[in-house]
Amino acid sequence: MTLIVSNASVTYESKDSPPVLALADASLTIPRQGFVVALGASGCGKTTLLNAMAGFLSLTAGSVTVDDVPVTGPGPDRGVVFQKDTLYPWLSVLDNVAFGLKLAGLDRPKREAKARELLALVGLEGFEKSATYQLSGGMRQRVSLARALATNPEILLMDEPLGALDSLTRETMQELIVDLWASTRKSIFFITHSIEEALFLGTEVVVMSPRPGRIIRRYTLDFVHRTVASRDAARVKSDPEFIALREEIRNLIHQTGAESDGRHLLARAG
Amino acid sequence: MVDISLLALAEGATPSAWSPRGLRAAVARRGIPITLISALGLLLAWTLATQFKLVAPLFLPSPFDVATQFYTVAVDGFSNATLAQHVGTSLFRILTAFVIATAIGVPLGLAMGLNRWVNGLFSAPIQLYWPVPPLAYLPLVIIWFGIGETAKIILLSLAMFAPIVISAQAGVRSVSQARVQAAQSLGATKAQIFRHVVLPNALPEILTGLRLGIGSGWATLVAAELVAATKGLGFMTLSAAQFLVTDVVFVGILTIAALATIFLTTLRLLERRLTPWKGQD
Ligand SMILES: Nc1ncnc2c1ncn2[C@@H]1O[C@H](COP(=O)(O)OP(=O)(O)O)[C@@H](O)[C@H]1O
Ligand SMILES: [Mg+2]
């Protein structure tokens with residue numbers, strides 16, 4: 001399954017403020033089994049881009065297609081993991097994961113068997129009956145991941161899923177996501193504002209800049225392949241090539257930040 | 001239970017246990033609710049005030065008089081009915097009104113939360129009448145529905161209705177867009193989103209609305225039984241007041257307070273039971 005975004009623009013209109021051009025002429029392809037990462041500071045239009053792919057909003061111009069069929073709304077072929085925690089607190093961990101299968105009409109034994117399998121896959125065996133609000137942030141995102149995988153989508157859209165986690169949990173989760181990507185062979189579109197995370201995860205990284213949100217640079221990478229092969233995340237992240245690219249992108253983002261908004265640079269320097 | 005905790009307090013009653021710090025420690029250690037202490041303090045003040053004749057019994061009968069009168073009203077009755085009959089009549093009115101207010105209020109509130117036309121149609125009249133005390137529109141209810149049982153139940157229903165509707169509406173509105181989107185991306189239809197996301201999401205607010213509704217129903221009981229009642233706790237209290245039988249007035253007030261507390265506590269327990277996630281996420 002291939003998802004293609006062509007010349008997509010989104011303008012938010014509102015009654016009492018001027019229209020916001022949140023996404024300007026973005027084009028992007030998520031190939032089969034690709035891992036595409038969108039990198040940029042807050043307000044670059046990353047979430048807007050993801051929402052357009054998920055079908056949560058309609059484009060002002062351009063198109064989103066899945067295997068040449070235009071996207072007109074959300075659907076279980078595109079799983080979403082949200083920036084905000086969107087687990088249902090009235091359901092147990094197991095029922096949250098099984099939720100999509102319940103909607104599809106699967107009977108209880110079948111959907112629970114599948115949900116247990118997925119919980120094991122994300123390392124949450126034994127938490128089936130737990131309440132979601134008793135879990136840590138990292139565990140909750142694991143549940144969200146399992147829930148998104150339950151309907152067996154070919155593509156996963158993830159909006160800063162690790163943004164709220166502490167850095168240690170975050171690294172563990174990055175490795176979990178790499179493992180999942182390698183073992184399930186899903187296509188992934190992943191949003192982050194961490195340069196290191198983008199380089200570590202992506203087979204392709206698109207760098208975005210704000211006002212208006214647009215893609216300013218694309219990189220094709222193989223660090224994630226090296227991680228899968230070597231199973232040594234620390235070595236990949238300390239590779240001189242990795243570090244050099246990290247600095248290059250940092251400079252790039254700072255420059256464009258300075259061009260479009262001087263306060264951005266000051267805020268970052270401070 | 002009360003006796004046990006009192007005993008426990010008395011057992012540990014070394015002089016220091018009665019110092020403020022000792023008492024606070026005892027409260028923490030024995031788990032004595034602060035509300036119990038405040039209730040006992042009030043009872044003590046009441047007893048002392050009547051014991052030393054600080055207030056005339058006509059204005060403030062002693063706790064002992066009230067207890068005796070409670071027994072008399074329970075056994076012999078007051079105003080042609082026993083206490084149990086008064087309670088039964090009032091309970092019937094309140095529960096009937098509660099069922100009516102819930103059966104109409106919850107679905108209407110849900111519809112208002114879902115649809116802005118329904119909301120536009122109903123929210124203005126509800127917002128307008130809600131703050132008006134039921135006693136103020138009682139004459140209108142009597143003109144429209146007479147002085148029989150119907151008018152009483154309608155007055156109580158109206159008092160309960162507004163908080164129930166508004167809470168159900170707010171419950172629907174409180175659902176986050178992301179939770180809905182999560183369901184959509186898992187393939188949920190509109191009906192499934194309502195059933196599996198909007199409704200459970202609104203449940204804590206709906207239950208809070210029911211509790212507020214019941215509270216406001218009990219607060220309206222005396223007004224509802226003001227005109228042409230022959231039974232009921234509110235009626236009993238009012239007629240006792242007319243004959244200046246102050247201790248029966250106290251019996252009425254305390255019985256209403258006790259019943260209202262039982263209702264509110266039950267609903268609060270139900271909330272905790274059904275929506276344990278409330279305030280946790
Ligand atoms: N619903 C909306 N209405 C108006 N403006 C919006 C809306 N959503 C986002 N924006 C604006 O669009 C820009 C891009 O937002 P977003 O896509 O959320 O960026 P990011 O995810 O990169 O932080 C921001 O300037 C934001 O304020
Ligand atoms: Mg965002």
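The values are calculated or read from the model by the stated rules, or taken from the named source; none is laboratory data. In this text the structure is predicted, and so the values were computed from the model without any measurement. When we count neighbours, we look across all protein chains shown, and the Cβ atoms used for this are built from the backbone with ideal geometry, even at glycine.
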Report task. Please give the number of the condition B:A111 fails out of (1) assigned to a helix (DSSP H, G or I); (2) in contact (Cβ under 8 Å) with a residue 24 or more places away in the chain; (3) crowded, with 18+ Cβ neighbours inside 10 Å. Result -> (2)
Requested in this report: State whether one or more residues within region A:168-183 are within 22 Å of the chain's Cα centre (by Cα), away from ligand 2 (no atom under 16 Å from the Cβ) and farther than 24 Å from A:L39 by Cβ.
Outcome: yes
Query raised in the report: Does A:T132 meet the test of being within 14 Å of chain B (Cβ to nearest Cβ), touching a residue at least 12 places away in the same chain (Cβ under 8 Å), among the hydroxyl-bearing types (S, T, Y) and buried (at least 21 other Cβ atoms within 10 Å of the Cβ)?
Result: yes
Report task. Would you mind stating whether B:V249 is in contact with a Leu (Cβ under 8 Å, 6 or more places away or on another chain) and more than 10 Å from chain A (Cβ to nearest Cβ)? Result -> no
Query raised in the report: Looking at (1) within 16 Å of ligand 2 (Cβ to nearest atom); (2) more than 27 Å from A:G45 (Cβ to Cβ); (3) not acidic (D, E), which is the one condition that is false for A:G163?
Result: (2)
Query raised in the report: Would a scan of region A:153-171 turn up a residue that is hydrophobic (A, V, I, L, M, F, W, C), more than 15 Å from ligand 1 (Cβ to nearest atom) and in contact (Cβ under 8 Å) with a residue 40 or more places away in the chain?
Result: yes
Query raised in the report: Hey, B:N119 hits all of (1) in a helix (DSSP H, G or I); (2) farther than 30 Å from B:I193 by Cβ but one; which does it fall short on?
Result: (2)
Report task. Go through the residues of region A:82-91 one by one and say whether even a single one is surrounded by fewer than 22 Cβ atoms within 10 Å (Cβ to Cβ), outside any loop (DSSP other than H, G, I, E, B) and within 11 Å of chain B (Cβ to nearest Cβ). Result -> no
Report summary line: Residues of region A:7-27 being more than 16 Å from ligand 2 (Cβ to nearest atom) and closer than 26 Å to A:D222 by Cβ, in sequence order, are A:S27
Query raised in the report: Considering only residues of region A:55-76 that are among the hydrophobic types (A, V, I, L, M, F, W, C) and in a loop (DSSP other than H, G, I, E, B), which is farthest from the other protein chains (Cβ to nearest Cβ)?
Result: A:L59
Report summary line: Subset of region A:104-117, residues surrounded by fewer than 21 Cβ atoms within 10 Å (Cβ to Cβ) and under 21 Å from B:R179 (Cα atoms), comes to A:A104, A:G105
Query raised in the report: When you go through B:P139, B:P200, B:P125 one by one, which is the residue that is of a type outside the set (S, T, Y), within 14 Å of chain A (Cβ to nearest Cβ), assigned to a helix (DSSP H, G or I) and without any contact (Cβ under 8 Å) to a residue 40 or more places away in the chain?
Result: B:P200
Query raised in the report: Is there any pair linking a residue in region A:204-224 that is within 14 Å of chain B (Cβ to nearest Cβ) to one that is in a strand (DSSP E or B) and more than 12 Å from ligand 1 (Cβ to nearest atom), with Cβ under 9 Å and at least six apart or on different chains, and which?
Result: none
Report task. Only residues in region A:29-57 that are free of Cβ contacts under 8 Å to residues at least 40 places away in the same chain and near ligand 1 (Cβ under 8 Å from one of its atoms) count as the first member; pair them with residues that are not in a helix (DSSP H, G or I) and not acidic (D, E), Cβ under 7 angstrom, at least 6 apart or cross-chain, and list the lot. Result -> A:N51/A:L57
Report summary line: Reported set for region B:95-127 where residues are under 21 Å from B:I153 (Cα atoms) and among the hydrophobic types (A, V, I, L, M, F, W, C) is B:L95, B:A97, B:F98, B:V99, B:I100, B:A101, B:A103, B:I104, B:V106, B:L108, B:I126
Query raised in the report: Does A:V71 count as closer than 30 Å to A:E13 by Cα, in contact with a helix residue (DSSP H, G or I) (Cβ under 8 Å, 6 or more places away or on another chain), more than 16 Å from ligand 1 (Cβ to nearest atom) and of a type in the set (V, I, T)?
Result: yes
Query raised in the report: Could you count how many residues in region B:228-281 are exposed (fewer than 14 other Cβ atoms within 10 Å of the Cβ) and under 30 Å from B:I143 (Cβ atoms)?
Result: 4
Query raised in the report: Here are some residues: B:A151, B:A159. Which one is within 20 Å of the chain's Cα centre (by Cα) and assigned to a helix (DSSP H, G or I)?
Result: B:A159
Query raised in the report: Within region A:66-91, restricting attention to residues that are within 16 Å of ligand 2 (Cβ to nearest atom) and not aliphatic (A, V, I, L, M), which residue is nearest to A:K186 (Cα to Cα)?
Result: A:F82
Query raised in the report: In region A:186-201, how many residues are within 16 Å of ligand 1 (Cβ to nearest atom) and away from every other protein chain (no Cβ under 14 Å)?
Result: 8
Query - Residues (under 11 Å from A:V143 (Cα atoms) and part of a loop (DSSP other than H, G, I, E, B)) located in region A:92-124 - result: A:V122, A:G123, A:L124
**Report entry** Close pairs (8 angstrom Cβ cut-off, 6 or more residues apart or separate chains): away from every other protein chain (no Cβ under 12 Å) in region A:95-118, outside any helix (DSSP H, G or I) and buried (at least 20 other Cβ atoms within 10 Å of the Cβ) anywhere
**Finding:** none
Report task. Of the conditions (1) farther than 17 Å from A:F82 by Cβ; (2) within 14 Å of chain B (Cβ to nearest Cβ); (3) touching a helix residue (DSSP H, G or I) at 6+ places or on another chain (Cβ under 9 Å), A:S183 clears all except one; give me its number. Result -> (2)
Requested in this report: Considering every residue within region B:194-216, establish whether at least one is surrounded by fewer than 19 Cβ atoms within 10 Å (Cβ to Cβ), more than 27 Å from the chain's Cα centre (by Cα) and not aromatic (F, W, Y).
Outcome: yes
Query raised in the report: Which one of B:S167, B:S185 is modelled with pLDDT of 95 or more and within 14 Å of another protein chain (Cβ to nearest Cβ)?
Result: B:S185
